Amino acid sequence: MKFSQIYAPTLRETPAEAEVVSHQLMLRAGMIRKAAGGIYTYLPLAWRVLKKIEHIVREEMDAQGGQELLMPIVQPAEMWQESGRWAVYGDEMFRLTDRHDRNFCLGPTHEEMITTLVRSDVRSYRQLPILLYQIQNKYRDEIRPRFGLMRGREFIMKDLYSFDKDEDGLNISYKKMYDAYTNVFSRCKLKFRPVEADSGAIGGSGSHEFMVLAESGEAEIVYCTSCDYAANVEKAELLPLDEISTGEKLPLTQVHTPNCKSIADVAKLLHIDKQQTIKSIAFETDQGPVLALVRGDHEVNEIKVLNKLNLINITMASEKSIIDDYQSVPGFIGPCGLPKKIKIIADVNVMKMINAAAGANIADYHLQNVNPGRDFAADIIADIRLIQENDPCPHCAMPVKKARGIEVGQVFKLFTKYSSALKATYLDENGKEKPMVMGCYGIGVSRTMAAAIEQNYDEHGIIWPVPIAPYQVVVIPVNSKDTNQVQLAELVCRQLNLHGIDSVWDDRNERAGVKFKDADLIGYPLKITIGPKSISEQTVEVKERKTGQIHFFSTSDYLENIIELLQKL
Ligand SMILES: [Zn+2]
């Protein structure tokens, strides 16, 4: 392939609208162009990457018994009304009406569509399990689409749905997909971690997210330094800590703490450690005010509070709400002597404290020698704190570390949520009607491409992992006016392609520097330079994009050497 024939308009300057590296580099490398906010055209180089990722995904889905189909993008409102999600999906759903005023949406996901399909055709336990998947565009009308392909309004997803007769079957399907996802991201040569994810009220091991590790990742994860435990910080469960305070419980006293609105201020004034104070966080929820308590050196995990109390929504209480709903004072709220009965959820570690300090619900006052149980009662005692670096791993107690990641896949046990709502039932061995037990499994295909760049780049451009590179090798004749060099470059490129190595040669009448710069920007894993020595000494120079390492191979055996090199990369 000649580079001049590829529609890849590279840019010298970084476009101002691009905030993240993958967005900047894909625009500069001539891979994508914006059509509207969060909606992009994939140019030929990007499309080659996407097809390679899709190919790996297909092979791994098929290997686990998945069958590919293609469902419509345009979905009738009726099936969403039946599941109850038409009303709750909100503004993220792209909605439209046809000429007969019938309502439709552009599919943000396909649970309704697939469940409606399967319920009409599957009657017996003998037809189960079924694993169906598709790869196609999804639509979400993000309020502020940004970060290029990382958070678009139109994006490519692989979504697979499993239908089983019982939970044992679901567990098998789930394990198959977990393994398939591990294979997919390993084959893409990405550094990733499957992490335990929050699965809402379902709890347990109902969901894993697959995270590509990258500094720019939106998600924060923790992983164990000793075993293979890893989790989203929101999900990470914690072992109760050792008790830190001992001694006799002293009488409760009120102390004047003017302007001490933070834990740090109070600890400093009272000459105590932060871990001897109780942090009280006021929330507004659909169940009314909720006061959450953690030790002063800890943070509250809102998601845990939400799940433990089965809440639908939770936000930090405003100052007005602390005054009106709690009848307390912002900055001085605490669990003792609240003028009004407020639901209190306390972290397990709070209940073990002795002679702690807490807000007195009076302006400029705190209480000392607060003893949980004696001085206040908690309605719920649970693990509600946010995991911190060096906390003990919940599996082996060794310290955990934090990292950032980009979520590229999620596996999720749906159980009978959709099959019950949409009446997707089957007859079991005894002729009894039962809802099918479902799972759903997504991979963001276009997001994986962006995440691969976020993980693999330098100041010169993209560094593609070999299996998903648009071309694995670029061949560059140094002097485009030297016929010998040009002919050799073309020959080398043709030979590589004949041996199954995707290659392109840069036939443009440009200075060598320009061609080298574009090669680094586009990020081919290997660059072969054809110069005067290639003709006089019959050697080619091969440079690895990732390490900068240079190899010289003879024109007689370069092919074997390059095949070997690509396998090692
Ligand atoms: Zn561990």
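Bear in mind that the values in this text are calculations on the coordinates, not laboratory data. Keep in mind it's a predicted model, so treat the numbers as computed, not measured. In this analysis, Cβ positions are derived from the backbone assuming ideal geometry, glycine residues included, and neighbour counts consider all displayed protein chains.
How large is ³J(HN,Hα), in whole Hz, for each residue of region 424-439 in order, when computed from phi with the Karplus curve 6.51 cos²θ - 1.76 cosθ + 1.60 and θ = phi - 60°, using x for Gly and Pro?
8, 10, 9, 9, 7, 4, 9, x, 8, 7, 9, x, 5, 9, 10, x
With everything on Cα atoms, drop me the angle between helix 445-455 and the longest principal axis of the chain, reported from 0 to 90° to the nearest 10.
90 degrees
In whole Hz and in residue order, list the ³J(HN,Hα) couplings for region 110-126 that follow from phi through the Karplus curve 6.51 cos²θ - 1.76 cosθ + 1.60, θ = phi - 60°; x for Gly and Pro.
10, 4, 5, 4, 6, 5, 5, 5, 5, 5, 7, 10, 9, 10, 10, 4, 5
I want to check the label-to-label distance for Ala363 and Ala512. Put each point 7 Å from Cα in the C-beta direction and report it in nm to one decimal.
Roughly 7.7 nm, to one decimal.
Excluding residues on the same chain fewer than 8 positions from Lys268, give the lysines whose Cα lies under 16 Å from its Cα.
Qualifying lysines at Cα under 16 Å: Lys279.
Residue separation times 0.36 nm, minus the C-alpha to C-alpha distance between Glu299 and Glu19: what's the value?
Result for the pair: 97.8 nm of gain on full extension.
Could you name the lysines whose alpha carbon sits less than 17 Å from that of Lys543, not counting residues in the same chain fewer than 8 places away?
Result set, ordered by chain and number: Lys515, Lys517, Lys527, Lys533, Lys568.
Using θ = phi - 60° and the Karplus form 6.51 cos²θ - 1.76 cosθ + 1.60, what ³J(HN,Hα) does each residue of region 292-305 get, whole Hz, x for Gly and Pro?
9, 10, 9, 5, x, 8, 10, 10, 7, 9, 4, 5, 5, 4
What is the set of long-range amide H partners of Asp166 at a cut-off below 5 Å, with H atoms built 1.01 Å from backbone N?
The answer is Val437.
What relative contact order, as a whole-number percentage, does the chain give when Cα pairs under 8 Å and 6 or more residues apart are counted?
Taking the mean separation of contacting Cα pairs over the length of the chain, I get 16 percent.
Label-point separation (nm) for Ser124 and Ile323, each offset 7 Å from Cα along Cα-to-Cβ?
It works out to 7.1 nm between the two label points.
Under 19 Å from a point placed 7 Å out from the Cα of Gln136 along the Cα-to-Cβ direction: which residues of region 17-42 have their backbone N that close?
40, 42
Between Arg58 and Thr182, what FRET efficiency comes out of the Förster formula 1/(1 + (r/R0)^6) with R0 = 22 Å and r the beta carbon distance, rounded to 0.05?
0.85
If you line up the Cα atoms of region 1-135 on their principal axes, what length do they span on each, largest first, in Å?
Taking max minus min along each principal axis of the Cα atoms, region 1-135 gives 59, 40, 27 Å.
Report the Cα centroid-to-centroid distance between region 292-321 and region 427-492 in angstrom, as an integer.
For region 292-321 versus region 427-492, the Cα centre distance is 41 Å.
Report the local net charge at Thr425: Lys and Arg +1, Asp and Glu -1, summed over other residues whose C-beta lies under 12 Å from its C-beta.
With Lys, Arg at +1 and Asp, Glu at -1, the neighbours total +4.
Round to the nearest 0.05 the FRET efficiency obtained for Gln81 and Ile39 when R0 = 30 Å and r is the Cβ-Cβ distance.
Result of the calculation: an efficiency of 0.65.
Compute the long axis of helix 512-522 from its Cα atoms, compare it with the longest principal axis of the Cα atoms of the chain, and write down the angle in degrees, 0 to 90, nearest 10.
Value to nearest ten degrees: 40.
Would you pull out the residues with amide H under 5 Å of Val400's amide H, same chain only if 5 or more places away, H placed 1.01 Å from N?
Asn390, Asp391, Cys393
How much length is gained on full extension from Tyr89 to Cys227, taking 0.36 nm per residue of separation minus their Cα-Cα distance?
45.8 nm
Using a 7 Å offset from the Cα along the Cα-to-Cβ direction at both Leu250 and Ile172, what is the distance between the two label points in nm, to one decimal?
It works out to 6.4 nm between the two label points.
Post the alpha-carbon centroid distance, region 509-569 to region 244-278, in whole angstrom.
Each part reduced to its Cα centre gives a spacing of 66 Å.
Before anything else, pin down the relative contact order of region 253-382: Cα pairs under 8 Å, at least 6 apart, normalised by residue count, whole percent.
This gives 28 percent for region 253-382.
Enumerate the amide H contacts of Ala214 below 5 Å, restricted to partners 5 or more residues apart or on another chain; note that Pro and chain-start residues carry no placed amide H.
Arg404, Gly405, Ile406
If you average the C-alpha positions of region 360-395 and of region 1-46 separately, how far apart do those two centres end up, in angstrom?
Taking the Cα centre of region 1-46 as reference, the centre of region 360-395 is 51 Å away.
Work out the FRET efficiency for Glu459 and Glu218 from their Cβ-Cβ distance, taking R0 = 25 Å, and round it to the nearest 0.05.
0.60
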